[in-house]
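Student: Sharing a structure with you now.
The values are calculated or read from the model by the stated rules, or taken from the named source; none is laboratory data. These numbers were taken from a predicted model, which means no experiment stands behind them. All Cβ positions, glycine included, derive from the backbone under ideal geometry; neighbour counts span all protein chains shown. Quick note on the areas: whole protein, heavy atoms, side chains included, nothing else; ligands and nucleic acids left out. Shrake-Rupley method; radii C 1.70, N 1.55, O 1.52, S 1.80 Å.
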Amino acid sequence: MKVFITRHGQTKWNALGRLQGRKDIELNEIGKEQALITGKKIKDEKIDIIITSPLKRARETAGIINKQFDVEIVEDDRLMERSYGDFEGITKPELKEKKNQYPEIDDAFNYLKNINIFNIETMQDLCARIYEFLDEITTKYKGKNVLIVTHGSASIPIKCYFMKYPLEKLVDREKIKGLENCEVVEFEI
C-alpha cells in the first residue's frame, strides 16, 4: 500500500499570511495551477482513491489532481485543518504580537501540555482524529494506493504516524513541519 499526502493549493489567505484554520477559503489562481502541476507530477502513479478534507481549498485541489486519475473522491471531516479558534484570520505578525501578550499561546502547539486556549483545537485532539483516520484507511484500503488531500497543520500528525515519530516529542512546531502548498510526500506500508 502506498499513501500519498498533499496539502491543498494556495489561497488568498495563504498569500497574505493569514491563519485559515476552519475558514472555508477557496483556491486562488496560483493554487489552482499548483494543483494542476501536482497532478501532472504524480500522473504515472497508480491512485485507487482520493480522500480529502471537506474544506473548499482541499476539495478543489483534489478535483484538479483527479483530472489525471478519474477515481472516486471521498470527503472525511477528520482531515480538516486544525481549528485555530479566535485566531483564525489573523496574520503572522498579529500572531507574534498576541504571543508577546499571551506567552502561553506557545503551549497550544505543545502535545504534552495539551492546553485549550482561545478556542484553539488541542494538539492531542488533532492527533487523535488524524490517527483514527489513518488506522481506518490503512486497514480499509490495504493493498490500494491512496492520495490524501489535507492541510498544513493536519499533515504534521500524518507524517508522525508514518515516520513513527513519537507524538510526545511534538512540543513545538519546528520538530516536524507541515507540508507546503501542493507538496507531496509518499509513504509505503
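Student: Can you tell me which residue is farthest from residue 89 (Cα to Cα) among those in region 7-37 that are touching a residue at least 60 places away in the same chain (Cβ under 8 Å) and in contact with a helix residue (DSSP H, G or I) (Cβ under 6 Å, 6 or more places away or on another chain)?
Tutor: 35
Matching residues to (1) at negative phi; (2) surrounded by 19 or more Cβ atoms within 10 Å (Cβ to Cβ); (3) in contact with a strand residue (DSSP E or B) (Cβ under 9 Å, 6 or more places away or on another chain):
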{"position": "28", "(1), (2), (3)": "yes, no, yes"}
{"position": "49", "(1), (2), (3)": "yes, no, yes"}
{"position": "77", "(1), (2), (3)": "yes, no, no"}
{"position": "81", "(1), (2), (3)": "yes, yes, yes"}
{"position": "89", "(1), (2), (3)": "no, no, yes"}
{"position": "92", "(1), (2), (3)": "yes, no, yes"}
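Student: Quickly run through region 152-164 and pick out the residues that are farther than 12 Å from residue 77 by Cα and touching a residue at least 60 places away in the same chain (Cβ under 8 Å).
Tutor: 152, 153, 155, 158, 159, 162
Student: Filter region 111-143 down to the residues that are open to solvent by less than 20 Å² (accessible area, probe 1.4 Å) and not in a helix (DSSP H, G or I) and list them by number.
Tutor: Scanning region 111-143 gives 120, 122.
Student: Just to be sure before I move on: is residue 63 closer than 30 Å to residue 118 by Cβ and not charged (D, E, K, R) in the structure I sent?
Tutor: no
Condition check ((1) open to solvent by 30 Å² or more (accessible area, probe 1.4 Å); (2) more than 19 Å from residue 185 (Cα to Cα); (3) polar (S, T, N, Q); (4) part of a strand (DSSP E or B)) across all residues:
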residue: 3; (1), (2), (3), (4): no, no, no, yes
residue: 23; (1), (2), (3), (4): yes, yes, no, no
residue: 36; (1), (2), (3), (4): yes, no, no, no
residue: 43; (1), (2), (3), (4): yes, no, no, no
residue: 67; (1), (2), (3), (4): yes, yes, no, no
